[in-house]
Each structure stands twice: as C-alpha cells, then as structure tokens.
1. Against the longest principal axis of the chain, how steep is helix 37-49, in degrees 0 to 90 to the nearest 10, with axes from Cα atoms?
2. What is the dipole size for the chain, taken about its Cα centre, with +1 at each Lys and Arg Cβ and -1 at each Asp and Glu Cβ, in debye to the nearest 20?
3. Compute the helix-to-body angle for 5-17: its Cα long axis versus the longest principal axis of the chain, expressed 0 to 90° and rounded to tens.
4. Calculate how large, on average over all directions, the projected area of the Cα convex hull of region 21-89 is; give the answer in nm² to one decimal.
5. Could you estimate the translational diffusion coefficient of the chain from the Stokes-Einstein equation, with Rh from the Kirkwood formula over C-alpha pairs, at 37 °C and 0.692 mPa s, in whole µm²/s?
6. For the pairs LYS49/LYS118; LYS51/LYS110; LYS76/LYS118, note any where the Cα-Cα span goes beyond 28 Å.
7. Roughly speaking, what is the centre-to-centre gap between region 83-99 and region 1-79 when only Cα atoms are used, to the nearest Å?
8. Evaluate Rg over Rh across region 71-119, taking Cα atoms for both radii and Kirkwood's formula for Rh.
Amino acid sequence: MKLSEFELEVINLLWKSQESSAPELHKEISKTKKVTYSTVKTIIDRLEKKKAIERMKNQGRTIIYSPAIEQESLQKPMINKFIEKVCAGNPRLLLNHLLEDEKLSDEDIKYLQSVLDKRK
C-alpha cells in the first residue's frame with residue numbers, strides 16, 4: 001500500500017489514539033500544520049478507500065474511525081522500499097546513519113544489542 005506523507009500523518013494519529021473523528025484529527029493536525037478541515041476529510045476518505053482505516057461507529061452525526069491495518073504491516077514494506085531507493089539496497093548505510101548520526105538512548109542501544117544477539 002502506498003501512502004502519501006499526509007496520509008501517513010493521519011494514520012499515525014489513529015494508531016496512537018486507536019479511534020478518532022475527522023474533527024478530532026483536524027484539531028490535532030492543525031497544531032503543527034495550517035490545513036483546512038476539508039483537506040483532512042479528503043485524506044480520511046482516501047485512507048478509507050485504500051482500506052487503511054475503517055468506520056467504527058457514529059456519535060450522533062460524527063463518524064469515528066480506527067486503523068484497519070497494523071502499523072508494522074505498513075512500516076516494513078515502506079522501510080524496505082526506503083532502503084532500496086535511498087540506500088541503493090544497502091541496509092548498512094541506514095544502520096551506519098542510525099548508529100553514528102542519531103542520538104540513541106541507553107534503552108535504544110540495549111534493544112539493538114538484543115536484536116543483534118538474536119541474529120547471531
């Protein structure tokens with residue numbers, strides 16, 4: 001499934017909240033981006049058409065949406081595509097960037113070490 005940056009932003013909010021209405025999503029997105037309600041509703045409609053989100057219930061005339069796909073099922077293919085496009089298929093470039101250029105907490109480092117230990 002291919003999603004735009006804005007579609008990803010909306011579905012990320014739904015993954016965090018598990019369910020939300022279009023007005024609630026618009027309010028949250030408006031905190032960081034100047035965007036009209038109708039634009040947010042268009043994105044919601046696209047996500048629904050792509051079967052990434054679904055209608056859960058109605059509260060009066062307001063529709064409550066929730067994610068229809070798991071976060072991991074969308075992220076893994078996108079990460080693989082990113083590695084293919086940006087890193088020329090070489091995951092070492094991404095790993096190097098994460099380890100050298102990103103600020104990792106002790107918890108992050110322990111997690112990475114545990115993943116490496118499992119792979120051995």
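1. Helix 37-49 sits roughly 70 degrees off the main axis of the chain.
2. Numbers: 23 positive and 19 negative charges, 97 e Å.
That gives a dipole near 460 debye.
3. 80
4. Working: hull surface 23.6 nm².
Spelled out: convex hull of the Cα atoms, projected over all directions, averaged, 5.9 nm².
5. Values: Rh = 16.6 Å.
Rounded, D is 197 µm²/s.
6. On the way: LYS49/LYS118 39 Å; LYS51/LYS110 36 Å; LYS76/LYS118 19 Å.
Pairs exceeding the cut-off: LYS49/LYS118; LYS51/LYS110.
7. Value for the Cα centre distance between the two parts: 29 Å.
8. On the way: Rg = 12.1 Å, Rh = 12.0 Å.
Over the Cα atoms of region 71-119, Rg/Rh equals 1.01.
Any read-out appearing in this document is the output of simple, stated calculations on the displayed coordinates, not a laboratory observation. Because the structure is predicted, anything quoted here is derived from the model rather than measured. Note that each Cβ is placed from the backbone with ideal geometry, even for glycine, and that neighbours are counted across all protein chains shown.
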